[in-house]
Amino acid sequence: MDSTQPQPAFEAPTRRKSVFMEVGLVDEEQVRSERSPAPSIAKHARPRHMRPARTVRFRSKDSILGLKDAIAQSDNDWETDTDSDEDDTIPRIQPSQNMVSPKVYRLGMLTVLLALMLPILQITSMSPQGVRAGVIPQTSIEPTVSRLDGRDSTTDVCKRWAGQSAVVNGTLYMYGFRTSNDSQQKSDTWTNDFLSLDLTKSWQIAGPSLTSLPTPSGPPAVSLGYLWNSLSSLYLYGGEFSEDPQGTPTANSVWEYKISSKEWVEHKDPKSSAGDNAEKAGQSIQRAAEGSGFSVANLGRGWYFGGHQDFLTTEGWSNQVERIYLKSLLEFTFPGFSNEGVDDLKGGKTAGDDGVYRNITEGGLQNSGSFPERADGVLVYVPGFGAEGTLIGVTGGDNDTFAQMNVIDVYDIANSTWYKQNTAGKTPKYRVNPCAVVAGAADGSSYNIYMYGGQSLQPAGNQTQYDDMWILSVPSFTWIEVDPDTSKSSSPPARAGHSCHVWDSQMIVLGGYTDPQLGCDTPGIYAFNMSSLGWSDQFTALTGDKATKAYNGNEGDEGNPLAQQANQRGFDHKAGLEGSYGYSVPKQVQSVIGGKETGGATLTAPVQTPTDGPYKSGTPQTYTVTGPNGAIITQTVDSGNSNSSANKANKIGAIVGGVLAGVFFFVAAYFAFCAWIYRKQVAIWKEHAAMVTARSNAEKNGAAGGAGGAFLGSAIASSGKNSTERNQRDGLGTSGSATASAIRTSNERTGTSYTGAAGVAGAGGVDALGRRRSSASSTDDLLDGQEPAFWGTRGVLLNPRRSLRVINRD
């Protein structure tokens, strides 16, 4: 941290306010029954009636019964029901309770159609883009917000920007973002809200499953600070207090959130330690804001580069004293880690519970005029080339100057020294407040820095936000402008002051200030597929719960708490980048630096030859991609040209999907077939029910004219007479046989005689030799009062052959 001397109060010149107040966010306008079933025959010895009711009797037909003389009365086909004994023998037509409606039939046919389409969709060849994962079932995605202690959720806001965030073991933590609840809100936008987002599970962009954690009572409500993360804790450093209403900064403290115990611990008045290219020991670590931060958990260190100090960051600073901009690099060594650049930790000593701070102000070009003070830039980490890797500072500025985009600042961590590196390719516009993340190729031959968004600072009060995406490929230091794929999701609105993180080779964008005319930006969390270079409508979890399991360096260990490439896992300077799991080099980048999706870049040195530093003399950290047998031992995600493992998984998924679709189609077709049979059988049954009624009427009306009606089949007699009458007609007389033989079914045109349950073939369909006729056995239930059923052990669904015999015999 730069050393400053107390200054007397004086009339301050016009100074730059926070960049987000200049934009003018807070003073803009507000954001803008089934059908009736078929009848069934129900036999009642004595129907009960609460009152006379109208009922239907079927008209007698001479052409069917051939008994013109037996018809003595035919006054009217419609009669009033009475309580006479004769009427009691007449079968009643009542609604069925198990009848399948026409809707079921239509549903079956629709199911068949869908089943035919599903296999087609499964096997359609599509060009893979980025992360390979199936569509997320809506039931597996829980867009609801967890509320603790019944308090109101703080996740549903109009806009969210300028906060602090970090990822630990697959959980994204968010602290202290400025928020607005509507476009008319002009003050009280500073918060100390504490949220989390689970990255071990997939979620939709329209409904990320944010969890509202308990609001801490100790840490202040600040914005534009940084949240360092170790493997077990979060450390809140810096940030500025509310400007409207004006807040009062508290004493210098760094707040630690212990994840396992879920508690906040205050580390009061931290002091600096002496070390390489650093300020002397014992100085208070002052709070700064608008700087750029970064953490490397496997190295056990975090950094904060640049920023500013004023009356909203520092206790006792007069608002008459001008803001100052910084170019210092504050380094924090996490508890339990060593750092040879710090005097107190040399020789393998480790930091205590409060950690160790070093304020680097004299590292190489840091003291030169070519290394300007800056705020609102970005800082990223690249492994290799130096003994402990390098930091790369991109963009930033103050009121008057901006960091150049064609010359990049490079920091050698092991040597505590800054260098300059020229870039190649078309350069982006000058900007402040973008965000940036890095993903590494599987073999370590290239590291690609993705920079998104930001804004201009000029003209003052009329800033322009950007929505462009750029890649700075290292070590070639070549800028590549990305043409994002928007086939799955449209690009988010242009923004600045947002945060972004990489996990499972996807850039997760959090909040940001957007054009006030666009209204709210809800929920304001987006995912960009870094392999296919496309915005996604969902975040797809690849590491899953492996992020919560330990990795001890053994080949069989499942754990991947940093979501590193499978062949790059580890916790030292040789380990790969956090969040790169599944990353494959995009085709657009391959076309510039060479190689393929797993690496193999041909541009392995800066295009613009460096004059000094790690990229002149250092070597990259490389990783083995193939094992002794030639098999790929890392998992990458295809960005347009398939690899064998990805293709295999895709084919297996297609096969499984095809099999399931086939089974579904067969079941659907069977249901539709049974529904068709059932409809036919019910139609036949209705005709037989009408026949039974007609024959009963004929028997009743013909009793006075002759004995022929007395010798109808025993099944017909039993349907309407009591047991004493039934016992008198166990045999068949000549006239009864002749009468029965005259009765035909509705298929009379085919020449097939219908004998009924006790026709000429014998009672119950048994012939003279005692053999039961199949035609009788298949149609017994049509005349003995039993309605055809779709379900059940005697239903069409389980006995389709029996039902087919009824149809074919009729």
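Just so you know, all these numbers are worked out from the coordinates, no wet-lab data involved. Computed from a prediction, not measured in an experiment: that's the story for all the values here. A quick note on method: Cβ atoms are made from the backbone with ideal geometry, for glycine too, and the neighbour counts reach across all protein chains shown.
Some notes on this structure:
- Spin-label pair N367-Q184: with each label point 7 Å from Cα along the Cα-Cβ axis, the two points sit 5.8 nm from one another.
- Footprinting exposure proxy ranking of W317, W676, fewest other C-beta atoms within 10 angstrom first, gives W676, W317.
- Distant-in-sequence amide H partners of S253 (H built 1.01 Å from N, under 5 Å): D269
- Counted residue by residue at 0.36 nm each, then reduced by the alpha carbon distance between them, the extension gain from D343 to K549 reaches 70.7 nm.
- Available extension along the chain between Q517 and T611 is 29.1 nm, counting 0.36 nm per residue and deducting the alpha carbon span.
- A Förster radius of 30 Å combined with the Cβ-Cβ distance from V667 to N799 puts the calculated FRET efficiency at roughly 0.95.
- Using the Cβ-Cβ distance between D156 and S491 with R0 set to 30 Å, the FRET efficiency from 1/(1 + (r/R0)^6) comes to roughly 0.80.
- About its Cα centre, the dipole of the range 161-642 is roughly 620 debye, where the only charges are +1 on Lys and Arg Cβ and -1 on Asp and Glu Cβ.
- Sorting Y526, Y430 from the fewest to the most surrounding beta carbons within 10 angstrom yields Y430, Y526.
- Pairs from the list K488/K596; K258/K280; K271/K346; K488/K587; K271/K349; K327/K616 with a Cα-Cα gap above 20 Å: K488/K596; K258/K280; K327/K616.
- Summary of packing: across the peptides 685-696, 257-268, the per-residue average of other C-beta atoms within 10 Å ranks them, highest first, as 685-696, 257-268.
- Multiplying the residue separation of S217 and E263 by 0.36 nm and subtracting their alpha-carbon distance yields 15.5 nm.
- Positive dipole terminus of the range 161-642, leading residue within T624, G291, T200 (C-beta point charges): T624
- Less than 5 angstrom separates the built amide H of A375 from those of G307, G397, D398, all sequence-distant by 5 or more or on a different chain.
- Under 11 Å, Cβ to Cβ, from L236 - net charge with Lys/Arg +1 and Asp/Glu -1: -1
- Pair A414, D467: separation of 7 Å Cα→Cβ label points (nm): 4.5 nm
- For the range 161-642, the equivalent ellipsoid derived from the Cα gyration tensor has semi-axes of 31, 26, 24 Å, listed largest first.
- Which of Y226, Y325 has the fewest Cβ neighbours within 10 Å, and the rest in rising order: Y325, Y226
- Computed from backbone phi with θ = phi - 60° and the Karplus coefficients 6.51, -1.76 and 1.60, the 3J(HN,Hα) list for the range 205-211 is 4, 5, x, x, 7, 5, 10 Hz; x is used for glycine and proline.
- Each of S272, P493, P214 was scored by the projection of its Cα onto the charge dipole of the range 161-642, and the greatest displacement toward the positive side belongs to P493; charges sit on the C-beta of Lys, Arg, Asp and Glu.
- Residues with amide H under 5 Å from that of S499, placed H, sequence gap 5 or more: L510
- Hz values of 3J(HN,Hα) by residue in the range 466-475 - Karplus curve (6.51, -1.76, 1.60), Gly and Pro given as x: 10, 10, 7, 10, 10, 10, 9, 8, 10, x
- Computed from backbone phi with θ = phi - 60° and the Karplus coefficients 6.51, -1.76 and 1.60, the 3J(HN,Hα) list for the range 547-564 is 5, 9, 9, 7, 10, 10, x, 8, 4, x, 5, 7, x, 8, x, 9, 6, 7 Hz; x is used for glycine and proline.
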